[in-house]
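Only one structure is covered here, and it is reproduced in the block below.
The values are calculated or read from the model by the stated rules, or taken from the named source; none is laboratory data. Everything quoted here is computed from the prediction, not taken from an experiment. Cβ atoms come from the backbone with ideal geometry, glycine included; neighbour counts cover every protein chain shown. Accessible surface areas use protein heavy atoms only, side chains included; no ligands, DNA or RNA. Shrake-Rupley method; radii C 1.70, N 1.55, O 1.52, S 1.80 Å.
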Amino acid sequence: AATTPSWLQENFKESMIGGGLTSRILFVYGDKKRALVPYPDEVIPPTEYQKLENELVEDLNQIAKLSGEYRLSQFARQRGHVWYKEHNDPDLRPAHLSSPRFNGYLARKQAHLHKLAMILAACKRDALVIEDEDIREADLILNDVEKDMVRVFESIGVMEQKTHIEEIVSIIRFYGWLSNKGLWAKCMNIMTLKEFEEAVRASAHSGHIKIESKNGIPGVVLGK
């Protein structure tokens, strides 16, 4: 819904992760354009766009007529059993979800999986049946979304110093090298001198930046 990590950082408390709200939401996040398209009509001709629109409306009208309970096919249920066992194996937990703050999401992932599989089934067929392919596709989509969704979760309840570090690293990435005074001039309107000095030390300690002098002038460059 066009919400940004910075907005979440300002308006969501850490307790909203443990409390369960964010674990019930699938955050689809992207920080760059997939393709540079200044004018969409040059890529998708109006006639093709109209065709796609008509087909979408037709599909949605057909989906709206579906009514009743969805059931799992035999093979979908078998895959669900295997998935559930692997999902609850601590040794198979993905590294990017290792933090305890993702426990709530992981506890609800099975529900997300089946709801998404139901949506995929409705897009493909009129029969109220979730097939094996729907479970597999839903799992692939969730795993793909999770890689970037982690970045959204990390913005919630983040320490202020982390924000300062990210700001400094972003500035250095753009300029390549800045003297200490030059870097402070870029940061003085968004953090205090004490916060700046602490963030520079923390950035250097973590390897995000390196202290490097040029012509005898102390400054910093990107680390990793």
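Could you list, in sequence order, all residues of segment 42-71 that are outside any helix (DSSP H, G or I), of a type outside the set (A, V, I, L, M, F, W, C) and within 25 Å of HIS114 (Cα to Cα)?
LYS65, SER67, GLY68, GLU69, TYR70, ARG71
Scan segment 83-101 and tell me whether some residue there is over 24 Å from HIS114 (Cα atoms), open to solvent by 80 Å² or more (accessible area, probe 1.4 Å) and within 18 Å of the chain's Cα centre (by Cα).
no
Need the failing condition index for GLY80 against (1) free of Cβ contacts under 8 Å to residues at least 40 places away in the same chain; (2) open to solvent by less than 80 Å² (accessible area, probe 1.4 Å); (3) within 27 Å of the chain's Cα centre (by Cα), just the number.
Status for GLY80: all satisfied but (1).
Looking at LEU60, LEU66, LEU21, LEU52, which one is open to solvent by less than 100 Å² (accessible area, probe 1.4 Å) and in contact (Cβ under 8 Å) with a residue 60 or more places away in the chain?
LEU66
Looking at (1) under 29 Å from the mean Cα position of the chain (by Cα); (2) more than 19 Å from ILE141 (Cβ to Cβ); (3) not polar (S, T, N, Q), which one does PHE27 not meet, given that it meets all the others?
(2)
Let me confirm something: among ILE135, ILE130, ILE141, which residue is within 30 Å of LEU56 (Cβ to Cβ) and touching a strand residue (DSSP E or B) at 6+ places or on another chain (Cβ under 7 Å)?
ILE130
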